Amino acid sequence: MLTRGEPVRLGRPPQPVDPSRVPPAGEAERFGEALSPDLVWGRHSALATLESGRPVHRIWCTAEMRFSARFLQLLREAKASGVLVEEVSWARLGQISGGAVHQGIVLQTAAAETLDLASLIEACRSLGEPPLLVAVDGLTDPHNLGAIVRSAEALGAHGLVLPQRRNAGLTGTVAKVAAGGLESLPVARVVNLNRSLASLKQEGYRVIGLAGEGSLTLAEANLDGPLVVVTGSEAEGLSLLTRRSCDQLVRIPLRGSTPSLNASVATAVLLYEIARRGWMDGITGSQPAPRLRRPAMPSAAAEPPPAAAPDPPQTAVPVEVAPAGEPAAMHDDAALAAAVDPASTAVEHASEAVPADAPTLAPQSDAAPPPLELGWLSTGSRSGSGAPPADFVGDIRL
């Protein structure tokens, strides 16, 4: 009940403030939710990361970076190596970095090294068994990508084809979900997935796409030879161009009311069927699985040893036959010494003809003798005339 003279208060009563949730007064570098640990911002930090050769997945930068010759060259090299470089506004960089002092550039480091598709194809040629590759099309969930990497490496795949755009990158989340599979499975970064599939088909690979409306069931699919298994996004599946690039569209029959499987689960089911028809055939009981033959990557390939220099040609030494009655060993030694080094033999004979008490001459040097200092007669005389100076007394004795 209100009494006369008491002010009327509307709204919620004041709530007590928790001191532990109030940020310190000087902590204003960034705000918002916790950022991913694989983000690097700031010019000095970004420059050190790019120059160190650390694998980078993505780069966001402003237009001002183009006016820095040092950054421009590094950004060109990163883009040529398959890194996704995007030019965005300062406001967008503030959103990405959570309000940090980004200075116009933010990097997202990659959890593993990548290579180009040509190197992966070349490395798979020496496997001794049909290669098996996995490709993704529009897979944006890093947890699904990490699960696919884990299943692919465990079931015997030899590589992953990962497009640059509209796909999850090799972030720390992917590496964590992969549970170590990313360290052993080679990853090829490509710009255009459909052109990459066309290149693989020219190398003899058969492209198999996973689609709920596929014309073949898992049991009817031809899973022999070099294969590329393509998985689409979680919501839309394979794109129209990717469907046209596939040799077979395979569906997994489902019995329950759930219309589809998770992208990573469907990929694991298909990879298991390929392994069941391949290297799992004949394994019974507690027999171990055969060892996986991994592609020899160019960076791990041993360099060929340098070619040894050819040996100089050996000159045959003629040996004369000693006449009868003469010691053969003495005759042979003298002939051998003369044939091997006739100059040394001539020096020895010359030294025998010189008397022991003859004076020895100092060895002559090839260096030019020091210039003769004649004072006023030298070329550099300041007087410039041939007459001696007035205070000159005496002779010049050479």
Which one is surrounded by the most Cβ atoms within 10 Å (Cβ to Cβ) among residues in the range 215-250 that are more than 28 Å from residue 120 (Cα to Cα) and touching a Leu at 6+ places or on another chain (Cβ under 8 Å)?
216
Across the range 91-133, what is the number of residues that are aliphatic (A, V, I, L, M) and closer than 30 Å to residue 153 by Cα?
13
Scan the range 168-201 for residues that are in contact with a strand residue (DSSP E or B) (Cβ under 8 Å, 6 or more places away or on another chain), more than 27 Å from residue 128 (Cα to Cα), surrounded by fewer than 19 Cβ atoms within 10 Å (Cβ to Cβ) and not aliphatic (A, V, I, L, M) and report the count.
1
Among the residues of the range 133-146, write down those that are surrounded by 24 or more Cβ atoms within 10 Å (Cβ to Cβ) and not small (Gly, Ala, Ser).
133, 134, 136, 137, 145
When residues of the range 146-174 are filtered for being in contact with a Leu (Cβ under 7 Å, 6 or more places away or on another chain) and free of Cβ contacts under 8 Å to residues at least 40 places away in the same chain, how many remain?
6
Looking at 112, 157, can you tell me which residue is in contact with a helix residue (DSSP H, G or I) (Cβ under 8 Å, 6 or more places away or on another chain), farther than 15 Å from residue 46 by Cβ and at pLDDT below 80?
112
Can you name the number of the only condition in (1) more than 23 Å from the chain's Cα centre (by Cα); (2) modelled with pLDDT under 90 that residue 192 fails?
(1)
Reported set for the range 53-71 where residues are in a helix (DSSP H, G or I) and touching a residue at least 40 places away in the same chain (Cβ under 8 Å) is 64, 65
Scanning the range 90-104 for residues that are within 30 Å of the chain's Cα centre (by Cα) and among the polar types (S, T, N, Q), which turns out modelled with the highest pLDDT?
103
Which of the residues spanning the range 165-176 are part of a helix (DSSP H, G or I) and either touching a Gly at 6+ places or on another chain (Cβ under 9 Å) or in the same structural domain as residue 78 (by TED's automatic domain parsing) (or both)?
173, 174, 175, 176
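The values are calculated or read from the model by the stated rules, or taken from the named source; none is laboratory data. Since the structure is predicted, the reported quantities are computational estimates derived from the model, not experimental observations. Cβ: placed from backbone, ideal geometry, glycine included. Neighbour counts: every protein chain shown.
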